[in-house]
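Just below is one structure, and these are the notes that go with it.
The values are calculated or read from the model by the stated rules, or taken from the named source; none is laboratory data. None of the values given here were measured: they were computed from a predicted structure. Backbone-built Cβ (ideal geometry, glycine too); neighbour counts: all protein chains shown.
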Number of protein chains: 4
Amino acid sequence: MRDLVEFGMGRTARRTYELEDVSIVPSRRTRSSKNVSTAWQIDAYRFDSPILNHPTDALGSPEAAIEMGKLGALGVINGEGLWARHENVEDKIGELVDIATNDPDPSSAVRHLQKLHAAPINPDLLAKAVRQVRDAGVTTAVRVSPQHAPELTPGIIAAGAELLVVHGTIISAEHVVLVDRGDEELVAEPLNLKTFISDLDIPVIAGGVHDHRTALHLMRTGAAGVIVGYGSAEGATTTGEVLGIGVPMATAIADAAAARRDYLDESGGRYVHVIADGDIHASGDLAKAIACGADAAVLGTALAASASAPGRGWYWPSAAAHPEMPRGALLQVAEEADRVALDVILNGPSDDPDGLLNMVGGLRRSMAKAGYSDLKEFQKVGLSIRA
Amino acid sequence: MRDLVEFGMGRTARRTYELEDVSIVPSRRTRSSKNVSTAWQIDAYRFDSPILNHPTDALGSPEAAIEMGKLGALGVINGEGLWARHENVEDKIGELVDIATNDPDPSSAVRHLQKLHAAPINPDLLAKAVRQVRDAGVTTAVRVSPQHAPELTPGIIAAGAELLVVHGTIISAEHVVLVDRGDEELVAEPLNLKTFISDLDIPVIAGGVHDHRTALHLMRTGAAGVIVGYGSAEGATTTGEVLGIGVPMATAIADAAAARRDYLDESGGRYVHVIADGDIHASGDLAKAIACGADAAVLGTALAASASAPGRGWYWPSAAAHPEMPRGALLQVAEEADRVALDVILNGPSDDPDGLLNMVGGLRRSMAKAGYSDLKEFQKVGLSIRA
Amino acid sequence: MRDLVEFGMGRTARRTYELEDVSIVPSRRTRSSKNVSTAWQIDAYRFDSPILNHPTDALGSPEAAIEMGKLGALGVINGEGLWARHENVEDKIGELVDIATNDPDPSSAVRHLQKLHAAPINPDLLAKAVRQVRDAGVTTAVRVSPQHAPELTPGIIAAGAELLVVHGTIISAEHVVLVDRGDEELVAEPLNLKTFISDLDIPVIAGGVHDHRTALHLMRTGAAGVIVGYGSAEGATTTGEVLGIGVPMATAIADAAAARRDYLDESGGRYVHVIADGDIHASGDLAKAIACGADAAVLGTALAASASAPGRGWYWPSAAAHPEMPRGALLQVAEEADRVALDVILNGPSDDPDGLLNMVGGLRRSMAKAGYSDLKEFQKVGLSIRA
Amino acid sequence: MRDLVEFGMGRTARRTYELEDVSIVPSRRTRSSKNVSTAWQIDAYRFDSPILNHPTDALGSPEAAIEMGKLGALGVINGEGLWARHENVEDKIGELVDIATNDPDPSSAVRHLQKLHAAPINPDLLAKAVRQVRDAGVTTAVRVSPQHAPELTPGIIAAGAELLVVHGTIISAEHVVLVDRGDEELVAEPLNLKTFISDLDIPVIAGGVHDHRTALHLMRTGAAGVIVGYGSAEGATTTGEVLGIGVPMATAIADAAAARRDYLDESGGRYVHVIADGDIHASGDLAKAIACGADAAVLGTALAASASAPGRGWYWPSAAAHPEMPRGALLQVAEEADRVALDVILNGPSDDPDGLLNMVGGLRRSMAKAGYSDLKEFQKVGLSIRA
């Protein structure tokens, strides 16, 4: 742990950095972007693009997850979201978007979201959603919170899930007391993530973590991937305002990548994937996240502008639905009529000057201009920090 | 005193940090927020929440102080404010708020505030206000300025005050010449704070201080608590613009906490509480203030949005009333109709995405996610600084 | 010269600081502001307040200079400004202000200013303006540019000037080739400032300088005071945009104060005053300038809001009139009807929350709260730098 | 490579600086701006001003290039731009500007630009444009992309080009695989820049490079000049957003100047010119670029405000036309009616307070005030960095 600042007498803090603080510096022979691979593989599952969606109802309908999969990315549905609680989710989101559109007070939409999440989880609805994705033939990934994982996982696997995402806004692993899945209160009984994972037949991605130690602990539980970050998105997530907790992503990704190296050594060769979740909005952010050490990245706002996203141009994190302490709001990222095909957001071609379309193409060109041909190598590209 | 910068030849300054520069970094096992205590005790008085109100008339009516007490916090009334000068304070504040609402020139409201404060202090009115709080059965705290403390304190205690807050925007203690209570000129005769406190039967909280040395000096006077900061609130206080004086709160709190440790040692075990007063607007700020070393915190703008705050949605520091050199202005923090119950501001539940409601719940969850179960432990949580 | 940054390979720059980067930190016994002196003396001339006006036509009419003097400050008239070129200056400024008010393109007012300055200097008009100030019984100070100093000074002294201000936006002294008085082209013949000053019977203030070496050189010419800075005022001066030249004032003042100490030693006791000119808008800035090491300060925008300032609420630096390369624009600092008495700007009382009124009172209170009783001592007050 | 930051565990980045971070510090005897030379010579070609235009169609019509040459600067036409693809370019740009003016969605203009660039290059049109410049008697410079250089260069030279600019947004040289000319896909066959240059009879300027190593490699290919930067212009270029690639210009220029020194030594005296291309909008930026080590500078937005620029007050980089991954947008820098003569932009006189007119005069005055008489010396001027 380096670069400590003594900000007051006898009290130190570590200096940390955001993705926006770093830039990629090309300094090698360039190459054609056609000779670059952006492929990513976790366990037995291979993807053309190292991209997942944030497990929020704004993105994770079964239909949207299927489209993600068909386009080479990994769609994740939220096992505790609206599709697990309501029959007619489209109408519910319609009500929500109407409120967000017409009521300037952000609390009104939050209140409605809280109300929608107050309905209980219906295992049949959840299983139906999972089956729908599996039946479409794409890799089927479902997110559960740590506290509901034991109760929900059997049904989810039975319905066809191939990857389980155990995900809270902040997670710990040691003797795992798992705290908060972002939209409900906690259960009293702690989850032992290590036992839980070893008893499962499918690989688990767990997170989010914010530091090297917790990342290493989660790797030791047997997780195939660790999510770093809490999905920070300016204007949508408010973890800093509400909790005073922050996770500058450039530092957090590099720390988790260091944990990956440490665990690779201590485990005699097990490679746990680092998946960055936060502050990745444009293709340049995606390139920086990989460059800082991530194997793959979670997109939120970027995908919310797609025509197939259930949020109709609005984005919100699932923590916005917490019944007592919401940590997010609804953010409009596109007018409903201006939304574009998910394929264009992921694979282009782009006519957008700001890197919001053709995210994978932007990553590919960044790699090519910096002279790298695959993601793993690109994690070593030179970086600069704006002083 | 560390991290000195030679900003010009032969002239140095210390590098200092604001609360907004620091973030809390969870790096331990998490725990349930239900197992977290936010209780705070000073002298014989115990509170569920480590929260006081800034002693401004915008917050400190007897009724509002009573409600603070009933909700587990500490209400402080201003012994030299409008309740000590006028019979019909509600009307006076009505006039003030009308001017602030209708006249875009901030000087107009300041002028009216100066006029309202030009009325003399009426000891009977003051005693009546104190008695009203005491009779309600909550801990009764009254603020006096250093220069009026000798003359006003006997009557205040006789009326039932249990805690005395000796408070100027900047205070010193050594051979104590006390300068400025923020709304009036000084008295010629200095106050010896040490003698003054030792002659009293009730505990004293004194401040505000800005640095380690003055904090230590005030601790040596026998104070039970020391306030650090001057209540900085962007848009309301203007001490920096008017005096060039600044007190970055993260550094100032940590320095005062160091003084607390030093004094604990030199006194053979007397623990003087450090109370942070400045830049604490949302629950995340409150968590950071404790994390930097504070035992409790003073809220200003956050409480001004409550339905029971006398300022009708407006906030101002008492220094805005200074007759010659005002150092603050009126700031609207809520439309009158949009104000919420104080209970919701303190204890939730929240539907606000920005951490302005359920302040104590936000603190509690921050502690739980970082793995701490009481305030004293939480002062050691890991922190990062945005570079 | 310390704190060098190697910003590129083999190329270094010094890290420098603005007044807004520093804050005053009270850490001593406080004192009453009534026991504080803000008096300043240069040569035989004593002033209640350490304040001069920037020598621009926006501030320096004979009438305004007289009022400055009567209120305890030093008024400076511009010996090469409009009063030296036109009979009916009030009308000319009226035209200028009309254009600035009605034409949103800032170039229109600059063009008119260039035209007004194209008229030749009339020695009789200049002498009349100087006499008017002298006849009023206040200290009479006149600014000339380096290149016109030899030709204009005899007449100025004959008309009664007591202090000569030799002033260009940037000045050097060694074998003095003097460059630019901000509104006209250069003369071929260089001025030897040392010979020039030694031949005069009245004291000279010279500047502006930006660094330690030039400050020291000017002190060696025999100047009684050295101006540091070029009158930087955001929205009015544009030296950075036009020339790429910058002078962070906190660093520049401290460097000039170091030159003062060095020269005091090498001269065996001659004290040359350091006068800060730039970024001083509110009373807090004034306090910081003294705290960084200045003996006195030049005000620009702050004085332009006075009812007696000839600019009718508008401010501009004289460099805005340069015929080929203007380095400034007209900035409105007050509506004509909202202007206040100069006395209130300097000495209060204030009803302005932002430190724009009672500038001297703000300085006095800052000194008192920090525990200092005169300006010379206050140059040692503790400072912090926001990281 | 110095000033490394360990931003995460085991991962470092270099701290870098923008032109806006640095300021010129005058600290020598000043001199008259009349005694200052801004002349620049590359190979046999001498220019009064060290200025080129960015090779975008927004600036580089044959007529505009001729005017640049007649005014002492170097005009560059884009050998792969609209003049090489269409007969009636003025009409095409008219359509483009109409869309940009009337459609607030920046993608609409980008789409039209993509469409205009989809037309094939017509060698006859290109030759005609080159001949037009050559016939006017000014130095004739043409830009080609690395991948089209072999096929287009013979015709360009036959038509009279005297300087060839081989230019991609990012270029490498070692075994040169050249990637991207900003508006089209790549060719499979790499260009060996060294062989290519040695076979030519005219000098080559190549770029853009971002770091010391690539600059040195390009110098070794035999280039007469190396362009550093990618023409960054806030609001117009979006390389950072799209690719995550950044090149802080103060650092990049100094690094390239270090490469120039290194190559001068290793080559036994060959001086390769460093030409800065990015973030140079006002005369102060131009002065800073030279001060950081550049021999000459590329202007973009500054020239787009001229009456003769084909963009009618709009600026865009050629990378905005890329068919799949545009990295720029159209930016209006002047209303069509407010455009000024190119002569005034370059040589004044100015009535603009912000350094947008009389760019060369601003450079000249900056040099004079800092005491330097030619560009080469001025590369050593003192610099400060705002902390």
TODO: Restrict the check to the stretch C:168-178 and report whether at least one residue is hydroxyl-bearing (S, T, Y) and at pLDDT below 95.
DONE: yes
Open item on the list: For the structure I just gave you, tell me whether B:H117 is closer than 27 Å to B:E95 by Cβ and at pLDDT below 95.
Closed with: no
TODO: Evaluate the stretch D:182-195: report whether one residue or more is at pLDDT 90 or above and more than 12 Å from chain A (Cβ to nearest Cβ).
DONE: yes
Task: Residues within the stretch C:212-237 that are surrounded by 24 or more Cβ atoms within 10 Å (Cβ to Cβ) and at the interface with chain D (Cβ under 7 Å from one of its Cβ atoms), tallied - done: 1
- [ ] Determine if the stretch C:49-62 includes at least one residue that is of a type outside the set (G, A, S), within 30 Å of B:H210 (Cα to Cα) and not in a loop (DSSP other than H, G, I, E, B).
- [x] yes
Open item on the list: Looking only at the stretch A:311-354, how many residues end up being of a type in the set (F, W, Y) and under 20 Å from A:L71 (Cβ atoms)?
Closed with: 1
Task: All positions within the stretch D:114-155 that are part of a helix (DSSP H, G or I) and among the basic types (K, R) - done: D:K115, D:K128, D:R131, D:R134
Task: Yes/no for B:D103 being farther than 24 Å from B:K288 by Cα, more than 14 Å from every other protein chain (Cβ to nearest Cβ) and at pLDDT 95 or above - done: no
TODO: Could you tell me whether A:D262 is more than 13 Å from the chain's Cα centre (by Cα), more than 12 Å from every other protein chain (Cβ to nearest Cβ) and surrounded by fewer than 24 Cβ atoms within 10 Å (Cβ to Cβ)?
DONE: no
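Given B:A302, B:A329, B:A337, which one is without any contact (Cβ under 8 Å) to a residue 24 or more places away in the chain and of a type in the set (G, A, S)?
On inspection, the qualifying residue turns out to be B:A337.
From the set of residues in the stretch B:1-32 that are surrounded by 22 or more Cβ atoms within 10 Å (Cβ to Cβ) and facing chain C (nearest Cβ under 7 Å), which is nearest to A:T169 (Cα to Cα)?
B:D21
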TODO: Among the residues of the stretch A:56-66, write down those that are surrounded by 24 or more Cβ atoms within 10 Å (Cβ to Cβ), in contact with a helix residue (DSSP H, G or I) (Cβ under 7 Å, 6 or more places away or on another chain) and of a type outside the set (V, I, T).
DONE: A:D57, A:A58, A:L59, A:S61, A:A65
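Name the helices (runs of 4 or more DSSP H) wholly inside the stretch D:280-387 in which the number of residues that are within 7 Å of chain C (Cβ to nearest Cβ) and crowded, with 24+ Cβ neighbours inside 10 Å is 2 or more.
So the answer is D:283-291, D:359-370.
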Open item on the list: Here are the criteria: (1) within 14 Å of chain D (Cβ to nearest Cβ); (2) farther than 22 Å from C:A257 by Cβ. Tell me which single one C:I93 does not satisfy.
Closed with: (1)
Task: Search result, residues across the stretch C:111-144 that are within 14 Å of another protein chain (Cβ to nearest Cβ) and either free of Cβ contacts under 8 Å to residues at least 40 places away in the same chain or buried (at least 24 other Cβ atoms within 10 Å of the Cβ) (or both) - done: C:R111, C:H112, C:L113, C:K115
- [ ] Could you pull out the residue among A:T214, A:T221 that is without any contact (Cβ under 8 Å) to a residue 60 or more places away in the chain, farther than 24 Å from A:D57 by Cβ and out of contact with any helix residue (DSSP H, G or I) (no Cβ under 7 Å at 6 or more places or on another chain)?
- [x] A:T214
TODO: Would you mention how many residues in the stretch A:72-110 are crowded, with 21+ Cβ neighbours inside 10 Å and part of a loop (DSSP other than H, G, I, E, B)?
DONE: 5
TODO: Taking B:Y17 as meeting all but one of (1) touching a strand residue (DSSP E or B) at 6+ places or on another chain (Cβ under 7 Å); (2) without any contact (Cβ under 8 Å) to a residue 60 or more places away in the chain, write down the number of the exception.
DONE: (2)
- [ ] For residues that are more than 14 Å from C:G207 (Cβ to Cβ) and assigned to a loop (DSSP other than H, G, I, E, B), scanning just the stretch C:241-259, find the one that is farthest from the chain's Cα centre (by Cα).
- [x] C:G244
Open item on the list: Can you tell me which residue is surrounded by the most Cβ atoms within 10 Å (Cβ to Cβ) among those in the stretch B:33-43 that are in contact (Cβ under 8 Å) with a residue 24 or more places away in the chain and more than 14 Å from chain A (Cβ to nearest Cβ)?
Closed with: B:W40
TODO: Could you please find all residues in the stretch D:120-159 being at pLDDT 95 or above and of a type in the set (S, T, Y)?
DONE: D:T139, D:T140, D:T153
Task: For B:R46: the one exception among (1) buried (at least 24 other Cβ atoms within 10 Å of the Cβ); (2) free of Cβ contacts under 8 Å to residues at least 60 places away in the same chain; (3) of a type in the set (D, E, K, R) - done: (1)
Task: Filtered residue count, the stretch C:265-279, keeping only those that are surrounded by fewer than 24 Cβ atoms within 10 Å (Cβ to Cβ) and over 15 Å from the mean Cα position of the chain (by Cα) - done: 7
Task: Residue among D:P326, D:P310 that is within 18 Å of D:G208 (Cβ to Cβ), out of contact with any strand residue (DSSP E or B) (no Cβ under 8 Å at 6 or more places or on another chain) and at pLDDT 95 or above - done: D:P326
